[in-house]
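Below is one structure, written out as structure tokens; comments come after it.
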Amino acid sequence: MTQDVKEIFGSPGGSLAAKVRTLAPSMTRSMQRVAEAVAGDPAGCAALTVTGLAELTGTSEATVVRTARLLGYPGYRDLRLALAGLAAQQQSGRAPAITTDIAVDDPIADVVTKLAYEEQQTLADTAAGLDTAQLGAAVTALAGARRTDVYGIGASGLVAQDLTQKLLRIGLIAHAHSDPHLAVTNAVQLRAGDVAIAITHSGSTGDVIEPLRVAFEHGATTVAITGRPDSPVTQYADHVLTTSTSRETELRPAAMSSRTSQLLVVDCLFVGVAQQTYESAAPALAASYEALAHRHRTHPR
């Protein structure tokens, strides 16, 4: 990420700045210039045509349109309208937003209510957009896998761990990898009949894409859980499970919103696998409960 991109993070318009921060690594340098301009001066850029913004940033109209789409807008017109709204909000003097609907001076009770609503929307959007045919195919592959490797970095790494511990408790062999070197060296060992799952909200995390590519090339069935169905990770995925691309802000970035939707997909995978392997899954789950039961009993002092 360039120094220029870093310098805009403290400026007004946190939601847009957060998107730039998240997506900058996947942008070309010319796209970064466009993103820096709109995040640094939304009011000024809102007054520009696509040609004017291209001239201002020393890029092309096509680059401006591609940047708008990468930032989550259908086209430049939609980005321009969003910039105008953001500029109006800044000029009104309202308290800075922590999320789309939460300001820094909101009472904590309002924070709870608004966050709960946003989480519900994230789950609803993910459920509505999830391709159940792709999900069913991924479940079948997992249920019959000799071994499953799951790759994730940061918050996605926590989701990877959640999936593997669920699979382990129903008697399946599964490993979560957050170390990119170990992920690749393990991926080399995968073959047909194995499954590799990459979890990445942006779909452009190199440390996740590389082991999935290796697994794909060695014949494993590959699955991508991502918020961007046209991202680089999907070119090595036999099955793509799309999560909600929730709105991001400075203090509630993708690491929070994406995790909610990723966990829903993980739960769907787990329940589907448990259904298909019920005869072996049920005894294995019961045995794991029994093994841990003594740790939850109250012992007399």
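Pairing each residue of the stretch 229-257 that is open to solvent by 10 Å² or more (accessible area, probe 1.4 Å) and modelled with pLDDT of 95 or more with any residue that is among the charged types (D, E, K, R) and assigned to a helix (DSSP H, G or I), provided the two are 6+ apart or on different chains, yields C-beta distances under 7 Å for TYR236/ARG213.
Are any residues in the stretch 102-118 under 30 Å from ILE197 (Cα atoms) and open to solvent by less than 50 Å² (accessible area, probe 1.4 Å), and if so, which ones? Passing the criteria: ALA116, GLU118. Set side by side, the residues VAL50, VAL64 differ, and just one is modelled with pLDDT of 90 or more, within 25 Å of SER26 (Cβ to Cβ), touching an Asp or Glu at 6+ places or on another chain (Cβ under 6 Å) and among the β-branched types (Val, Ile, Thr), which is VAL50. Taking each residue of the stretch 120-138 that is farther than 19 Å from ILE197 by Cα and acidic (Asp, Glu) and looking for partners that are part of a loop (DSSP other than H, G, I, E, B) and open to solvent by 60 Å² or more (accessible area, probe 1.4 Å) with beta-carbon atoms closer than 9 Å, six or more apart or interchain, yields ASP125/THR245. Within the stretch 169-191, the set of residues being within 16 Å of ARG213 (Cβ to Cβ), surrounded by fewer than 24 Cβ atoms within 10 Å (Cβ to Cβ) and of a type in the set (A, V, I, L, M, F, W, C) comprises LEU182, VAL184, VAL188.
The values are calculated or read from the model by the stated rules, or taken from the named source; none is laboratory data. The shown structure was predicted, so the numbers you read here are calculated from the model rather than taken from an experiment. Quick reminder, even Gly has a Cβ in these numbers, built from the backbone with ideal geometry, and neighbours come from all protein chains shown. Accessible surface areas use protein heavy atoms only, side chains included; no ligands, DNA or RNA. Shrake-Rupley method; radii C 1.70, N 1.55, O 1.52, S 1.80 Å.
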